[in-house]
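*Asks:* Take this structure, written in structure tokens, and hold onto it; I'll ask about it next.
Every number here is computed from the coordinates shown, using simple stated rules; none is lab data. Note that the structure is a prediction, hence the values are computed from the model and not measured. As a convention, Cβ positions derive from the backbone with ideal geometry for all residues, glycine included, and neighbour counts pool all protein chains shown.
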Amino acid sequence: LIHDKEKSHKILIKELKLSDESYDANKLKKCKDKDNPLNPINRQCYLLKRFLRSHPGFSRDDIQHYINLYCFISNPPADKLEKVEMVLNSAIHLTKSLRYRDFYASKSR
């Protein structure tokens, strides 16, 4: 875990048995972005916040689904057509069925 010596990070490192690379946040405040070793992490946090704010009507119960979508969008492959192919393949191979009556029966309750 690459982090800024936040106390809560120690718990994660211990519980998940992670390797640790830490930096003093107070010292990093004086660094330019290009020299800051945490800049790639800060950039991902910024992009995730921006993504979540662009979907203001999402339910907090569904936040994991939004994070999964963000991860899918932001990770390889970079080619959008490959991603479309991945989505279509997973949809085609999905074994769950939702019957028309079941869908509308749950909405009328």
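*Asks:* Along the positive direction of the dipole of the chain (beta-carbon charges: Lys, Arg +1; Asp, Glu -1; about the Cα centre), which of Asn26, Leu38, Ser54 reaches farthest?
*Replies:* Ser54
*Asks:* Compute a Gaussian network model of the chain, connecting alpha carbons closer than 10 Å, and tell me which residue from Lys29, Lys96, Lys83 fluctuates the most.
*Replies:* Looking only at Lys29, Lys96, Lys83, the biggest GNM fluctuation is shown by Lys96.
*Asks:* How far apart, in nanometres, would the label points at Leu69 and Asp102 be if each is projected 7 angstrom from Cα along the Cα-to-Cβ direction?
*Replies:* Result: 2.3 nm between the two label points.
*Asks:* Any idea what the dipole of the chain comes to, in debye rounded to 20, about its Cα centre with Lys/Arg Cβ at +1 and Asp/Glu Cβ at -1?
*Replies:* Approximately 440 debye in magnitude.
*Asks:* Can I ask one more? Counting Lys and Arg as +1 and Asp and Glu as -1, each charge on the Cβ, what is the dipole of segment 24-82 about the Cα centre in debye, to the nearest 20?
*Replies:* 440 debye
*Asks:* Rounded, prolate or oblate, given the Cα gyration tensor of segment 38-107, with a/c below 1.5 counting as rounded?
*Replies:* Note, shape of segment 38-107 comes out oblate.
*Asks:* Let me ask you something else. Is any helix in the chain, taking whole DSSP H runs, at least 30 angstrom long along its axis by alpha carbon and on average at least -1.0 on the Kyte-Doolittle scale, and which ones?
*Replies:* Within the chain not a single helix satisfies the rule.
*Asks:* Checking the cross-link filter: which aspartates and glutamates have an alpha carbon closer than 20 Å to that of Lys14, excluding same-chain neighbours under 8 positions apart?
*Replies:* Candidates past the 8-residue exclusion: Asp4, Glu6, Asp24.
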